[in-house]
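The values are calculated or read from the model by the stated rules, or taken from the named source; none is laboratory data. Note that the coordinates shown come from a computational prediction; the quantities given were computed from them, not determined experimentally. Cβ atoms come from the backbone with ideal geometry, glycine included; neighbour counts cover every protein chain shown. Quick note on the areas: whole protein, heavy atoms, side chains included, nothing else; ligands and nucleic acids left out. Shrake-Rupley method; radii C 1.70, N 1.55, O 1.52, S 1.80 Å.
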Amino acid sequence: MAGPPLIIWEREVEQLLLYAELVPRLEDALGKFSRRDNAEVIQPVRTTVALQKHNGFLGVMPTYMENDGLLCAKFVCFYKRELGSALPATQATVVLLNPQYGNVEAVMDGDVITGMRTAAVSAVSAKLLMRPDAEVLAILGTGKQALSHYNVFTEMFSFKEVRVWSHRKEGIERFRQSVSGPVTMCVSVEEAVTGADVIVTVTRCTEPVLFGRWVKPGAHVAAVGACRPNWREVDDVLMKEAVVYVDSRDGAMTESGDVILSGVEVFAELGDVINGTKPAHREKTTVFKSLGMAVEDAVSAKLVLDKWKAKASQS
């Protein structure tokens, strides 16, 4: 009989998960997903249950990677909070199971995994799609996802300036104190994004906050917020002017208000570019619409578990 599952808490996940190890695993997972081989990845679109009393949703995200022996599910609650709310916008737990026996092998904090894998995939999109001479990064939002994106983007790329905007002045000040490098505080979205080469939107907005008239031709946008079919971060002008990439076509056409409501055609998945089946249009304005996928959680959790076991064996 299998023993009880390992429990890996937030602090341990933070210590074990490193971008340098995570990014190549995510690139590999994105490529596998886009090949649509059931022996590589079986992943349905996220199932959601409305938490009407609490203005939120429970998302269930399972995946089975047969060739890798990975069976994983993430449970994530996400909420539309009032501006200034002290309550978390998301809470997540990741579960790894033994695919042969069906028992739970590990349960681990999913917030760090969600933040880091999401930011890492955005960085992969920039690696593939931004212009090689990019100098200015703009981040809209100052929450956990904004911090994760700042960390991986400044680790992987050499920007001359990083600009940050938030609805609240105290949010920007808190963000500035949380990062190790210099940031330019901006009082408006327009100020933050004008002339920026790469723009990351990680807001709680449900209506467009980024407008195409402010975005310079050839910029790359990683749109991370607005994960419901009636929520927006980006306006129709930008969506229709840009070449649109996604993590999952099915996910985007089911969940992304920016894609659904603008009526744009998705050009490619990131995995298509990684696999060489679709080109990276670096010379054009590009939008990567991120929704997050279970395969990203699975490979992240497997990395954490493998490193936890290696560390335990040495002690």
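Things to note:
- Qualifying positions in the stretch 114-140 - open to solvent by 10 Å² or more (accessible area, probe 1.4 Å) and outside any helix (DSSP H, G or I): Met130, Arg131, Pro132, Asp133, Ala134, Glu135, Val136
- Within the stretch 42-93, the set of residues being open to solvent by 40 Å² or more (accessible area, probe 1.4 Å), of a type in the set (Gly, Ala, Ser) and under 22 Å from Gly251 (Cα atoms) comprises Ala50 only.
- Index of the failed condition, Asp68 passing every other in (1) farther than 20 Å from Asp306 by Cα; (2) in contact (Cβ under 8 Å) with a residue 40 or more places away in the chain; (3) not aromatic (Phe, Trp, Tyr): (1)
- Failed item, numbered, when Gly143 is tested on (1) open to solvent by 10 Å² or more (accessible area, probe 1.4 Å); (2) at pLDDT 95 or above; (3) small (Gly, Ala, Ser): (2)
- Checking each residue in the stretch 1-35 for being among the charged types (D, E, K, R) and farther than 17 Å from Ala298 by Cβ picks out Glu10, Arg11, Glu12, Glu14.
Every residue, every condition in (1) aliphatic (A, V, I, L, M); (2) within 30 Å of Leu6 (Cβ to Cβ); (3) touching a strand residue (DSSP E or B) at 6+ places or on another chain (Cβ under 8 Å), yes or no:
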site: Arg117; (1), (2), (3): no, yes, no
site: Gly141; (1), (2), (3): no, no, yes
site: Val152; (1), (2), (3): yes, yes, no
site: Arg176; (1), (2), (3): no, no, yes
site: Val183; (1), (2), (3): yes, no, yes
site: Cys205; (1), (2), (3): no, no, no
site: Gly218; (1), (2), (3): no, no, no
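- Cross-chain or 6+ apart pairs with Cβ under 7 Å, the stretch 40-54 first and part of a helix (DSSP H, G or I), then of a type outside the set (S, T, N, Q) and surrounded by 13 or more Cβ atoms within 10 Å (Cβ to Cβ): His54/Tyr79
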